[in-house]
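Visitor: What follows is a structure written as structure tokens; I'll ask about it next.
The values are calculated or read from the model by the stated rules, or taken from the named source; none is laboratory data. Since the model is a prediction, treat every value here as computed from it, not as a measurement. Note: ideal-geometry Cβ built from the backbone for every residue, glycine included; neighbour counts use all protein chains shown. The area values use the complete protein model at the heavy-atom level, side chains included, leaving out ligands, DNA and RNA. Shrake-Rupley method; radii C 1.70, N 1.55, O 1.52, S 1.80 Å.
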Amino acid sequence: MSHIPYSHQNIDDDDIAAVTAVLRSEYLTQGPMVAQFEETFARRVGARHAVAMANATAALHVACLALGVTAGSRVWTSPNSFLASANCVLYCGGDIDFVDIDPVTRNMSVAALRAKLERAAGRGELPQVVIPVDFAGLPCDLREMRELADKYGFALLEDASHATGASYQGQPVGSDYADATAFSFHAVKIVTTAEGGVVTTRDAALAKRLRLLRSHGMTREPEDLQHEVEGPWVYEQQLLGYNYRLTDLQAALGWSQLKRLDALHAARVALADRYDMLLRDLPLLLPARVPDRVSAWHLYVVEIDGARTACRRATLFDALRRARIGANVHYIPIHTQPYYASLGFKRGDFPAAERYYARAITLPLFPAMTGEQQDFVVRTLTAALR
Ligand SMILES: *Cc1c(COP(=O)(O)O)cnc(C)c1O
């Protein structure tokens, strides 16, 4: 069996034609395709506004800024995430902290969040923003988090980098509950623009700030100009922004990919269902199924059940890699990274995330994965666990 990656982009002839058409057009950088991609994405996830960015890290950064994160602002996220979910706060000079995970969903625990909010309220140290993460594509507990956000007065910035196409209580992720939702279109994610991201929101004023922050804080919109207009060349910088623009080449790829989102998602769901069936008798804890939500199945992560096997994660990982299976591990808890240790975090701070991490392993899952490849992964796992 040739190498089986843990994830792989899905590019077809229509995608190539869409990108090629842009290469022959007037615009290469942000132009009409970006607007078209934003409109299509917004419609697809039921969002009022979608603002495309160079990547999801940029999307999270400017979403934090647009939500008012600044020096000294308190922001909380999940330790079981990619570094960007926490780094975005530090870019703004904010103080990052974490809320431990629910060991079943592997998402930020609502019980832990509630308890931490109660303690913080007593000390007058409530967070300004909370960034829950839809880990592996499973939507977090959005309704409960919205209630807590309203009660304690923080903004909810959902990191849905894994969750394009996921839904919660029948509503697409990105449409409701959160004040802003960030998605990633990195090559390993559900749909790709190679590098890219987007922020969705219901709030028109927030969307306007996001657009300003994306491009140097600059505007040419006549109705937004603050100074007297000297002529049609006038542009104004109104705040300190960045160059976080997506290109039309990337937007064309994303727009073309979105047409296949349902098919790509269905392929992931079928593979996840089949993994569930094939792995059910092995000493593994399988991903949670939560009845009121549909995962995007960005990742399929199993945990080794230490009560039923003596096999260690490292042993299993080596066996998979030796068989040329691209196993992976998501995620090393952010607070245990050397940089975060230098900020004062230490091992033991978020025990559920650490326990989960110690036994987690990500199995290959991508839309073009064949049944034969999946059977080979399962056979290799079975032999190693025996
Ligand atoms: C991929 C990812 C990001 C960052 O996405 P980029 O587009 O690569 O910047 C942020 N958060 C999570 C949870 C991710 O998986």
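Visitor: As an exercise, use a Förster radius of 41 Å and the Cβ-Cβ distance of LYS259 and LEU225 to find the FRET efficiency, rounded to the nearest 0.05.
Guide: Details: r = 38 Å, r/R0 = 0.92.
So the FRET efficiency works out to roughly 0.60.
Visitor: Heavy atoms only, probe 1.4 Å: what % of the accessible area of the stretch 261-385 goes to carbon and sulfur, would you let me know?
Guide: Numbers: 3090 of 5640 Å².
Exposed carbon and sulfur together represent 55 percent of the surface.
Visitor: Right, here's the next one. Please work out the average accessible area per residue across the chain, using the 1.4 Å probe convention, and give it in Å².
Guide: Numbers: 16720 Å² over 386 residues.
With all protein chains present, the chain gives 43 Å² per residue.
Visitor: Shifting gears a bit: Go ahead and run the numbers for FRET between ARG321 and SER342, Cβ-Cβ distance against an R0 of 30 Å, rounding to 0.05.
Guide: On the way: r = 31 Å, r/R0 = 1.03.
Calculated value: 0.45.
Visitor: Using a cut-off of 11 Å between beta-carbons, work out the net charge of the residues near HIS3 (Lys and Arg +1, Asp and Glu -1, HIS3 not included). Numbers along the way, then the final one.
Guide: On the way: positive: ARG321, ARG324; negative: none.
After counting each charged neighbour, the total is +2.
Visitor: Restricting to the stretch 47-189, what percent of DSSP beta bridges are antiparallel, rounded to 5?
Guide: On the way: 3 of 16 bridges.
Close to 20 percent.
Visitor: Ok, one more. Quick one: net charge of ARG214's neighbours, Cβ under 12 Å, K/R +1, D/E -1?
Guide: Taking every other residue near ARG214 into account, the sum is +3.
Visitor: I would also like to ask the following. Explain nothing, just the number: dipole magnitude of the chain about its Cα centre with +1 on each Lys and Arg Cβ and -1 on each Asp and Glu Cβ, in debye rounded to the nearest 20. Write down the numbers at each step before the final one.
Guide: Details: 40 positive and 43 negative charges, 275 e Å.
About 1320 debye.
Visitor: Additional query: Take the solvent-accessible surface of the protein heavy atoms, probe 1.4 Å, and return the percent of it on the stretch 13-258 that carbon and sulfur atoms account for.
Guide: 51
Visitor: Next question. Once you have all Cα-Cα distances for the stretch 261-385, histogram them in 10 Å bins from zero and send the whole-percent values.
Guide: Taking every Cα pair in the stretch 261-385, the percentages come to 12, 39, 32, 15, 2.
Visitor: Only bridges whose two residues both fall in the chain count here: according to DSSP, what percent of them are antiparallel, nearest 5?
Guide: Values: 24 of 38 bridges.
Bridges in the chain that DSSP calls antiparallel: roughly 65 percent.
Visitor: Let me ask something additional. What number does the chain give for Rg over Rh if you use C-alpha atoms and the Kirkwood radius?
Guide: Working: Rg = 21.5 Å, Rh = 21.8 Å.
Radius of gyration over Kirkwood radius for the chain works out to 0.99.
Visitor: Then there is this: Just name one of VAL198, GLN250, PRO5: the one whose Cα is farthest towards the positive end of the charge dipole of the chain (beta-carbon charges, Lys/Arg +1, Asp/Glu -1).
Guide: Working it through, the farthest residue towards the positive pole turns out to be PRO5.
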